[in-house]
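The values are calculated or read from the model by the stated rules, or taken from the named source; none is laboratory data. In this text, all values refer to a predicted model and were calculated from it rather than measured experimentally. Note that we place each Cβ from the backbone using ideal geometry, even for glycine, and neighbour counts take in every protein chain shown. Accessible surface areas use protein heavy atoms only, side chains included; no ligands, DNA or RNA. Shrake-Rupley method; radii C 1.70, N 1.55, O 1.52, S 1.80 Å.
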Amino acid sequence: MSAPVRVRLALAIIAACATSVALYAIIRVAQALLFQEADPALVIWSAHAGFFWRAWTAAYFGAMVGFVAWIAASRDPGRLASILARAVPVAAVLGAAQGLLVP
């Protein structure tokens, strides 16, 4: 029997948000380690804002994962909820670590 729509939607949103947070933190740390950034105090104008590109990339990928989670929740919502119960704290730790170490 398929899970109620509200349960599927909730699991999909949780998966999308956790993925977006974790991916943003990973992208931000990778860019900080691999590329030298200009000093913001010395830059008057920039061709792009790195934050917005990272945020949109993470949100786009998170939405794709949310769609996959929507489908997975229709098959086995208990298993998906179990996976998300472990993924959400990992995403929170990654987000907090990125915010503290590479603001």
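Suppose the filter is modelled with pLDDT under 95 and crowded, with 17+ Cβ neighbours inside 10 Å; does Ala32 pass it?
Details: modelled with pLDDT under 95: yes; crowded, with 17+ Cβ neighbours inside 10 Å: no.
Spelling it out, it is not the case that Ala32 is modelled with pLDDT under 95 and crowded, with 17+ Cβ neighbours inside 10 Å.
Quick one: which of Val102, Val65, Val90 is under 13 Å from the mean Cα position of the chain (by Cα) and loosely packed, with under 14 Cβ neighbours inside 10 Å?
Numbers: Val102 fails: under 13 Å from the mean Cα position of the chain (by Cα); Val65 fails: loosely packed, with under 14 Cβ neighbours inside 10 Å.
Selected residue: Val90, the only one of Val102, Val65, Val90 that is under 13 Å from the mean Cα position of the chain (by Cα) and loosely packed, with under 14 Cβ neighbours inside 10 Å.
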Of the residues in region 76-98, those that are more than 16 Å from Ala16 (Cα to Cα) and free of Cβ contacts under 8 Å to residues at least 12 places away in the same chain number 5
Just to be sure I understand the filter: pairs with C-beta atoms under 7 Å, separated by 6 or more residues or on different chains, first member in region 47-60 and under 21 Å from Ala18 (Cβ atoms), second member among the aromatic types (Phe, Trp, Tyr) and modelled with pLDDT of 95 or more. Which pairs pass?
Arg54/Tyr24; Ala55/Tyr24; Ala58/Tyr24
Identify all residues within region 69-84 that are of a type in the set (A, V, I, L, M) and either open to solvent by less than 60 Å² (accessible area, probe 1.4 Å) or in contact with a helix residue (DSSP H, G or I) (Cβ under 8 Å, 6 or more places away or on another chain) (or both); write none if there are none.
Ala69, Ala72, Ala73, Leu80, Ala81, Leu84
With respect to Ser46, determine if the residue is of a type in the set (S, T, N, Q), at pLDDT below 95 and either part of a helix (DSSP H, G or I) or open to solvent by less than 70 Å² (accessible area, probe 1.4 Å) (or both).
yes
